[in-house]
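What follows is a set of notes on a single structure, which appears directly below.
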Amino acid sequence: MLSTTAIIFLIIFALLIVFKIYMKVTTGWCRSHTCLVGKTAIVTGANTGIGIGYDTALDFAKRGARVILACRDEGRAEEARSRIVEETGNKNILVQLIDMSSFETVREFAKRINETEERLDILVNNAGAGGTGDKRSKDGHVLVMQINYFSAFLLTNLLFGLIKKTKGSRVVNVSSILAKYARYFELADVDKFSGLCYVYNYSKLCNILFTIELAKRLDGTETTTYSLHPGVVKTEIFRHAKGTLKFIVNFVKNVFLKLSTSEEGAQTTIYCSVAKDIERYNGAHFEDCQEVPPYITARVPGLSKKMWDLTKDIVGLKPEEMLI
Ligand SMILES: NC(=O)c1ccc[n+]([C@@H]2O[C@H](COP(=O)([O-])OP(=O)(O)OC[C@H]3O[C@@H](n4cnc5c(N)ncnc54)[C@H](OP(=O)(O)O)[C@@H]3O)[C@@H](O)[C@H]2O)c1
């Protein structure tokens, strides 16, 4: 006869398995055959072998694109480049260094790209970090916010001349479902450490607000933008976490949730980057390769515009750089 504890344990275990199967079968796959020969794409944070950015870059390379791996670690980035070239036969893969925790390197990166590239069809703002606690960048900002949001905002603005002149270009911002739980977010929180989980959730909400405001500003142009949640993917995103957060993250990763591969996790980014006829969804948020209603936290009237105005001052955008 099983004890009550054992029965409860078995029920929880069975529910987890059912949930895991459900998550697996509901994973969205990008079925688009769009060819990217002659097109250029930048993917930030593309170096990690089990990362969403790497698999996104790999897919673009298979489609024939010129792919720029925008990474901070030269060794790991070169290793990723070699693997992509070997696997796809596409030699048009480049490494350009960028450290999203430093505005200076974001500016240097954008300068190099603007000087050397003729076009930019796809910019994927993918680089992200979590669990870095209350650390600040050398620019003095909350590190997670700077890596996940401020630098993506700055980079997009600095590359906008190139993006604008490329017909049908897209800016794709990798957010997270955790933005849903950024419930108490206020403008003043944008550069404040609000707790280990909240600060990450807030940064991911900022990715969505940025997309919404960018879309409004792109109205009437040939460029569009999308934000997305990639799924719960077994990557190293919370590798900096310590203590209880580390325990929770490992539990969720290894026992509980979807445990998608990074290939599965890259599907919605790829979809937003290459799927045909999604322009009418300019500014929308996607999950599992489908548009979803905006999260309640992103629906506060006027918030995206206020956030834009505040962020341009935080990142030190100069009047002549405000092309959007
Ligand atoms: N994994 C998930 O379940 C999940 C869920 C929702 C959203 N996301 C989002 O998906 C995106 C990709 O994350 P991932 O899960 O693939 O994690 P990952 O494997 O850790 O990849 C993150 C990438 O960002 C790069 N990066 C971090 N800090 C950087 C910096 N200062 N400068 C330049 N690059 C930097 C990393 O480079 P290094 O190797 O040099 O650190 C790495 O290439 C992130 O925006 C994340 O927030 C992930």
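The values are calculated or read from the model by the stated rules, or taken from the named source; none is laboratory data. Since the model is a prediction, treat every value here as computed from it, not as a measurement. For neighbour counting, all protein chains shown are included, and Cβ atoms are generated from backbone atoms with ideal geometry for every residue, glycine included.
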When every residue in the range 123-143 that is under 10 Å from Ser101 (Cβ atoms) and out of contact with any helix residue (DSSP H, G or I) (no Cβ under 8 Å at 6 or more places or on another chain) is compared, the one farthest from the ligand (Cβ to nearest atom) is Lys138
Picking from Phe109, Phe150, the residue that is touching a His at 6+ places or on another chain (Cβ under 8 Å), buried (at least 22 other Cβ atoms within 10 Å of the Cβ), at pLDDT 95 or above and hydrophobic (A, V, I, L, M, F, W, C) would be Phe150
Against the definition (part of a loop (DSSP other than H, G, I, E, B), within 20 Å of the chain's Cα centre (by Cα) and surrounded by fewer than 20 Cβ atoms within 10 Å (Cβ to Cβ)), how does Gly133 come out, yes or no? yes
Residue check: is Glu86 without any contact (Cβ under 8 Å) to a residue 12 or more places away in the chain and surrounded by fewer than 15 Cβ atoms within 10 Å (Cβ to Cβ)? yes
Just give me the residues in the range 219-244 being surrounded by 22 or more Cβ atoms within 10 Å (Cβ to Cβ) and more than 12 Å from the ligand (Cβ to nearest atom), in sequence order. Thr223, Thr224, Thr225, Tyr226
Would you be able to say whether some residue in the range 268-280 is out of contact with any Cys (no Cβ under 9 Å at 6 or more places or on another chain), among the small types (Gly, Ala, Ser) and either in a helix (DSSP H, G or I) or at pLDDT 95 or above (or both)? no
Could you check, for the range 79-89, whether at least one of its residues is among the polar types (S, T, N, Q), at pLDDT 95 or above and more than 20 Å from the chain's Cα centre (by Cα)? yes
Those residues of the range 213-228 which are under 15 Å from the mean Cα position of the chain (by Cα) and more than 11 Å from Val171 (Cα to Cα), in sequence order: Leu228
Unique residue being of a type in the set (S, T, N, Q) and outside any strand (DSSP E or B) when the list is Ser203, Ser227: Ser203
Where residues in the range 25-45 are in contact with an Asp or Glu (Cβ under 7 Å, 6 or more places away or on another chain) and at pLDDT 95 or above, which of them is surrounded by the most Cβ atoms within 10 Å (Cβ to Cβ)? Ala41
Working only within the range 186-212, note down all residues that are over 20 Å from the mean Cα position of the chain (by Cα) and either under 27 Å from Thr48 (Cα atoms) or not aliphatic (A, V, I, L, M) (or both). Glu186, Asp189, Lys192, Phe193, Ser194, Gly195
